[in-house]
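First the structure, in the form of structure tokens, and then the observations on it.
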Amino acid sequence: MHHYSRRLLWNFHANSLSDQARERRTSGQAINDLTRSNPTECFEDYPHEEIGRAFAELKSFRYNPEPLGAESARYAVCTYYKSRGIHMTPDRLILTASTSEAYALLFKLLCDPGDEILVPTPSYPLFEFLADLESVRSKSYQMEFDGAWYLDFNRLHNQITDRTRALVVVNPNNPTGSFLKQNEFEVLLNVAGKQRMPIISDEVFLDYGFGADSDRVTTFIESDAVLSFSLNGLSKAAGMPQMKLGWIAINGPVEERARARERLELIADTYLSVGTPVQYALPRLFEIGEKIRRSIAGRTRTNLSKLYQILQDSAAQVLRCEGGWSAIVRLPATQSEESWTLRLLNECGVLVQPGYFFDMASEPYIVVSLITAPEEFEQGIAQIHNLAMSH
């Protein structure tokens, strides 16, 4: 047997839920998929032709390799932020092919093999894989729920060691939908400053808050207190995951920003991964994407309202959600989380994500996508309501 990298010591076996969903599809049985979160599939009026015209209008496909990304594209990102009242300059931006690649570049920038990064739990199931691929160890710090989500700073402090090199926050978090609050933001800055530990702030759901709250912090971009990096991209900001363009905004003291920028530029120059056409088309893609964003925002608000309405006074409880594309539902503790998800699939034809996919601290929880087509969403949630009430 050939030797393979220890970075890939992962479990390659599918879980039982995935296996049964695949078998159901193969046999032609219908599935009401409440895990769908791909805008290009979830919206029948998705503007495919308009996006095509944006590329057809390009007059030149000349390749000008620029490690930071084309200046015109970086100006377009600055315009995106300006329309949201956030000041950004092109010299603080580095374009990437995705947010995942942005993480990879930052782990290369900040970590040596064996170093550690702190990541929130519950959150994306992706961090461990991204860290492993860079020979970095991910350590979790806990988010707690007492009617609202909050950071457990005692447990955060206990996770910091002399090998900790960065702290990741996801704001708003996925799947909890919780924003950082002002006091949490200030404590994080204080911790990062004392530890000389940069913050990586994943802000891809920046545009998808529910309601208004003056206590929310939406971005690290205008904070100069410590070195931090704000991540975003077309996947969520414009509802265009297929365009493969993201970015890193470098924040913090001027000298620290300059040191980080010159090193990131060298790393980016090694890969030059961002496609030329998407950069040249970016101003127009942002215009089209604003319409997509409004459609997504409208649907998430509608579906969240229906979720609360259908499950009110039922045995299933919707956890408070402040933003994002997902919602968490707590089910009765009459059976395991795996049993719930398998019964929903096999008895009701409804596919949901179990909470353990996101490292929820206890069970049973399920996670549903708020951008599912409204009719399918209502039908699926009604099925969840009926099964929950039968226990």
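The values are calculated or read from the model by the stated rules, or taken from the named source; none is laboratory data. Nothing here was measured: the structure is a model prediction, and the numbers come from that model. Here the Cβ is made from the backbone with ideal geometry for all residues, glycine too, and neighbour counts use every protein chain on show.
Among the residues of the stretch 35-69, the ones that are part of a helix (DSSP H, G or I), of a type outside the set (Asp, Glu) and touching a residue at least 40 places away in the same chain (Cβ under 8 Å) come to 6 in all. Count of the stretch 142-163 residues, restricted to those that are within 18 Å of the chain's Cα centre (by Cα) and under 16 Å from Tyr356 (Cα atoms), is 2.
Table: residues versus (1) modelled with pLDDT of 95 or more; (2) more than 23 Å from the chain's Cα centre (by Cα); (3) crowded, with 18+ Cβ neighbours inside 10 Å.
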position	(1), (2), (3)
Arg320	yes, no, no
Ala327	yes, no, yes
Leu331	yes, yes, yes
Val350	yes, yes, yes
Ala361	no, no, no
Phe377	yes, no, yes
Ser390	no, yes, no
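If the condition is being out of contact with any Ser or Thr (no Cβ under 8 Å at 6 or more places or on another chain), of a type outside the set (Ser, Thr, Tyr) and part of a helix (DSSP H, G or I), then the stretch 8-34 contributes Leu8, Asp19, Gln20, Ala21, Arg22, Glu23, Arg24, Arg25. For the stretch 194-215, state whether one or more residues are surrounded by fewer than 24 Cβ atoms within 10 Å (Cβ to Cβ), free of Cβ contacts under 8 Å to residues at least 40 places away in the same chain, among the basic types (Lys, Arg) and assigned by TED's automatic domain parsing to the domain that holds Glu101. Taking every residue of the stretch 194-215 in turn, at least one turns out to be surrounded by fewer than 24 Cβ atoms within 10 Å (Cβ to Cβ), free of Cβ contacts under 8 Å to residues at least 40 places away in the same chain, among the basic types (Lys, Arg) and assigned by TED's automatic domain parsing to the domain that holds Glu101.
Taking (1) over 30 Å from Pro277 (Cα atoms); (2) assigned by TED's automatic domain parsing to the domain that holds Glu262 in turn, Ala70 satisfies each apart from (1). Please specify each residue of the stretch 268-300 satisfying the condition of being over 16 Å from Pro241 (Cβ atoms) and among the hydrophobic types (A, V, I, L, M, F, W, C). If the condition is that a residue be over 16 Å from Pro241 (Cβ atoms) and among the hydrophobic types (A, V, I, L, M, F, W, C), then Ala268, Leu272, Ala297 are the ones that fit.
Checked against (1) part of a helix (DSSP H, G or I); (2) closer than 29 Å to Asp213 by Cα; (3) in contact with a Gly (Cβ under 9 Å, 6 or more places away or on another chain), Leu344 passes all but a single condition, namely (2).
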